[in-house]
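Q: Sharing a structure below in structure tokens format, with a few things to ask.
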Amino acid sequence: MLIEFFPDGSVECPLVLLHGRDPAAAARLREKVVALAAEQVQRVAVHEIPGFESVGGCQLFASTGRSDLGTQPLCAGRVFECQLRPVTWHDVEGLLEPFTEQAFCDGFQWLDSHGEIQLLISGHRGW
């Protein structure tokens, strides 16, 4: 799956889009989200999960926190962090489930809209 940042071009922008048809990669992401929800880990580098690839240097970290800050830029460039409470990560885990199914090949799902940048997963490069 690709990780791509769209600064503009749509009403929903800016957004970070996770896209592609790779149920195994989506399942690995879901496993990491389960670990965040259970507070087994505090931070995950999504761009380092096998099956994920950065587009244009876009990097995404997922972390737990005391509040739902959502997706924010970490520094200049295309490095972002999505910080959510464990209970919110549990909700995201459920939203990822369809993307782990081999038969699921299209569609999209908003994963987070708390921050200044939206986070979206899609079976293709669109929404």
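Q: Test of understanding: among PHE52, PHE5, which residue is more than 10 Å from the chain's Cα centre (by Cα), within 16 Å of ASP112 (Cα to Cα) and in contact (Cβ under 8 Å) with a residue 24 or more places away in the chain?
A: It is PHE5.
Q: While we're here: Select from the range 25-42 the residues that are under 23 Å from ASP106 (Cβ atoms), free of Cβ contacts under 8 Å to residues at least 40 places away in the same chain and small (Gly, Ala, Ser) and list them in ascending order.
A: ALA25
Q: Follow-up. In the list THR71, THR64, which residue meets the criterion of being touching a Phe, Trp or Tyr at 6+ places or on another chain (Cβ under 8 Å), among the β-branched types (Val, Ile, Thr) and under 19 Å from PHE6 (Cβ atoms)?
A: THR71
Q: Related question: If you take the residues of the range 93-127 that are of a type in the set (A, V, I, L, M, F, W, C) and in a loop (DSSP other than H, G, I, E, B), which of them is nearest to ALA62 (Cα to Cα)?
A: TRP127
Q: Going by what's in this entry, would GLU116 be described as out of contact with any strand residue (DSSP E or B) (no Cβ under 9 Å at 6 or more places or on another chain) and at pLDDT below 95?
A: no
Q: Further question on the same structure: State yes or no: is LEU60 in contact (Cβ under 8 Å) with a residue 60 or more places away in the chain, aliphatic (A, V, I, L, M), buried (at least 18 other Cβ atoms within 10 Å of the Cβ) and not in a loop (DSSP other than H, G, I, E, B)?
A: Answer is no for this residue.
Q: Further question on the same structure: Just checking, how many residues over the range 35-55 are outside any strand (DSSP E or B) and touching a strand residue (DSSP E or B) at 6+ places or on another chain (Cβ under 7 Å)?
A: Here the count works out to 7.
Q: Can you name the residue in the range 80-92 that is touching a Leu at 6+ places or on another chain (Cβ under 8 Å) and either among the aliphatic types (A, V, I, L, M) or not in a helix (DSSP H, G or I) (or both) and is also farthest from GLN59 (Cα to Cα) among such residues?
A: VAL92
Q: Kindly indicate the residue of the range 76-106 that is within 16 Å of the chain's Cα centre (by Cα) and without any contact (Cβ under 8 Å) to a residue 12 or more places away in the chain and also farthest from GLN118 (Cα to Cα) among those meeting that condition.
A: PRO98
The values are calculated or read from the model by the stated rules, or taken from the named source; none is laboratory data. Predicted model only: the values in this text are computed from it and were never measured. Reconstructed Cβ throughout: ideal geometry from the backbone, glycine too, with neighbour counts over all protein chains shown.
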